[in-house]
Amino acid sequence: MKTSATRREFIRRTTGLSVAGAAAPWALNLAAMSEAAAQSATDYKALVCVFLHGGNDFANTVIPFDAGGYADYAAIRSTIATPQASLVGLRSLNAPNGRQYALAPQLTTSPSTSALALKSLADLFNGGQLAVMLNIGTLVRPTTKAQYIAKSVALPPKLFSHNDQQSFWQSSRPEGGTVGWGGSMADLFASGNGKSTFTCISVTGNAVFLAGNSTVQYQVSANGAVAVNNIPRSNLPSPKLYNSAAAATALKALVTGSGGANLLETEYTRVVARSVDAEETMRVALGAPLTTSFGSVDATGKVIANTLADQLKMVARTIKARSGLGARRQVFFVSLGGFDLHDFLPQKHPLLLQQVNDAMTQFYAATVELGVQNQVTTFTASDFGRTAISNGDGSDHGWGSHHFVMGGAVKGRTLYGTPPVLANNGPDDVGQGRLLPSTSVDQLAATLATWFGVSDTNLPLVVPSIGNYSQKNLGLFV
């Protein structure tokens, strides 16, 4: 007992890891994938979710531009409306219900530089590489306002709650759900990757979106894979633990050995050993840096923080390393917080949108540099939209929202879905300016899964509720 206790204390003190800590950089689920459900792929594709935490204000992101639409918009949010003179209309190929739109000024131009002379998401939209999804949100099945009021159909649980709606967006399940639709897609393809470890990758911490039944996300930082402290690694100088290289080597043997007859220690050491192996594999595979520049500057040229750009740069570097990682299918998750703007929306929201604009535009430029722009699709998501009605200098928790889908394979320059009527107690308002979604996240998930290579037979494994919708594919792709 004394020997075992001393061994465990040595491991704990020198690595700073618990069982959970070891699993954090290299999360592992030992369940096996069903061979009947698995699919193979010979090409490469990646799906990237950009999650805007807090609930993005849709109405000041994608703004009605035609005369009637802008008048409705300006009337319902008079204190926080974007001035019409600052807007430039999108060159859309369609105008559903006669509605035309503009993007927020921060999505139309930027002082930040990018390869390909791309300055904005508006450039990408007008160039055909970006589409706008109108009034999309969480649903269980198609729902009318009358059904919502009568409570005659199932609704997403705990509407307007941050945690629950984040979870429902990512997994079609309330908070506590353990499987996301990104992870479910990965389940089908992980066995075809050289190492299934690198199928689901988060650059922003744990996300249920990437959790599968058999695949679990590998979490990295914006700088690369997370290393276990004080462990000797290939092609690097050996660390000295307590000023001793021999002690570091002994530590590695302790935390990656068999663990003896103790099941917990055996599992612990197996997870740590695989974490060490995965970090070394990724570190070597990342190789040379990208040519594309990432980051943001203000109008004076001063560099400003852009954590989303940092994360997407890491995604681009990982995609560049796909051969070394043995990856044919990958799902990524990145995020940016700060969108819960009940107050100071006119001051804070534009700064957040500039970060989104720069990061996504630069990421697309990086995919062009790597020659994979047609093989990588990026989409935005958020807890929910916000209320069309202003609360003074902000907006409150809403439901439906507008989102972007970006990539070379996207049928861009197009508005998808049904434009909402922005009117207090209007046909799309379920109360306080909250939009009833006309398109479901499930439909978007099914469309992205089909592009990713999921067969019609396996689609219900990814989106269990897709049978509730007559339109399963939104036609987003070439």
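Observations on the model:
- The three principal axes of the Cα atoms in the stretch 143-269 give end-to-end lengths of 72, 30, 29 Å, sorted in falling order.
- Surface per residue (accessible, 1.4 Å probe) for the stretch 53-106, Å²: 40
- Long-range amide H partners of Ser221 with built H, under 5 Å: Val226
- Surface analysis of the stretch 230-378 yields an accessible area of 43 Å² per residue, using protein heavy atoms and a 1.4 Å probe.
- Centroid-to-centroid separation of the stretch 130-161 and the stretch 270-342 [C-alpha atoms, Å]: 33
- Given charges at beta-carbon only (K, R positive; D, E negative), |dipole| of the stretch 152-310 in Debye: 260
- Separation of the Thr79 and Thr113 label points, Cα + 7 Å toward Cβ, nm: 4.2
- Surface share of carbon and sulfur [accessible, 1.4 angstrom probe, percent] for the chain: 53
- Taken as Cα centroids, the stretch 169-232 and the stretch 395-451 sit 26 Å apart, rounded to the nearest whole angstrom.
- Placing a label point 7 Å from the Cα of Ser323 along the Cα-to-Cβ line, the residues of the stretch 260-301 whose backbone N sits under 13 Å from it are 285-288.
- Counting only Cβ charges, +1 for Lys and Arg and -1 for Asp and Glu, the dipole size of the chain around its Cα centre is about 1060 debye.
- Scanning the chain for trypsin sites (Lys or Arg not before Pro) that sit in a DSSP loop and have at most 10 other Cβ atoms within 10 Å, the longest stretch containing none of them is 303-478.
- Fully extended contour minus Cα-Cα distance, from Phe344 to Ser470, at 0.36 nm per residue: 41.3 nm
- Spin-label model, Leu93 to Asp298: label points 7 Å out along the Cα-to-beta-carbon direction sit 4.0 nm apart.
- Rg [Å, one decimal], Dmax [Å, integer] - the stretch 238-309, C-alpha atoms: 20.2, 64
- Of Lys145/Lys348; Lys151/Lys348; Lys313/Lys348; Lys252/Lys320, pairs whose Cα-Cα distance is over 27 Å: Lys145/Lys348; Lys151/Lys348; Lys252/Lys320
- Residue among Ala102, Gln217, Gln84 farthest towards the positive dipole end of the chain, charges placed on Cβ: Gln217
- The simple spin-label model puts a point 7 Å past each Cα toward its Cβ; for Thr42 and Ala246 those points are separated by 5.6 nm.
- Projected over all directions and averaged, the alpha-carbon convex hull of the chain occupies 24.7 nm².
- Rounded to the nearest 500, the helix-only mean residue ellipticity at 222 nm of the chain stands at -10000 deg cm²/dmol, with each DSSP H run of n ≥ 4 adding -39,500 (n - 2.57).
The values are calculated or read from the model by the stated rules, or taken from the named source; none is laboratory data. Owing to the predicted nature of the structure, the values given are computational and were not obtained by experimental measurement. Ideal geometry is used to build each Cβ from the backbone, glycine not excepted, and the neighbour counts take in all protein chains shown. We work out accessible area using only protein heavy atoms, side chains counted, and drop any ligands, DNA or RNA first. Shrake-Rupley method; radii C 1.70, N 1.55, O 1.52, S 1.80 Å.
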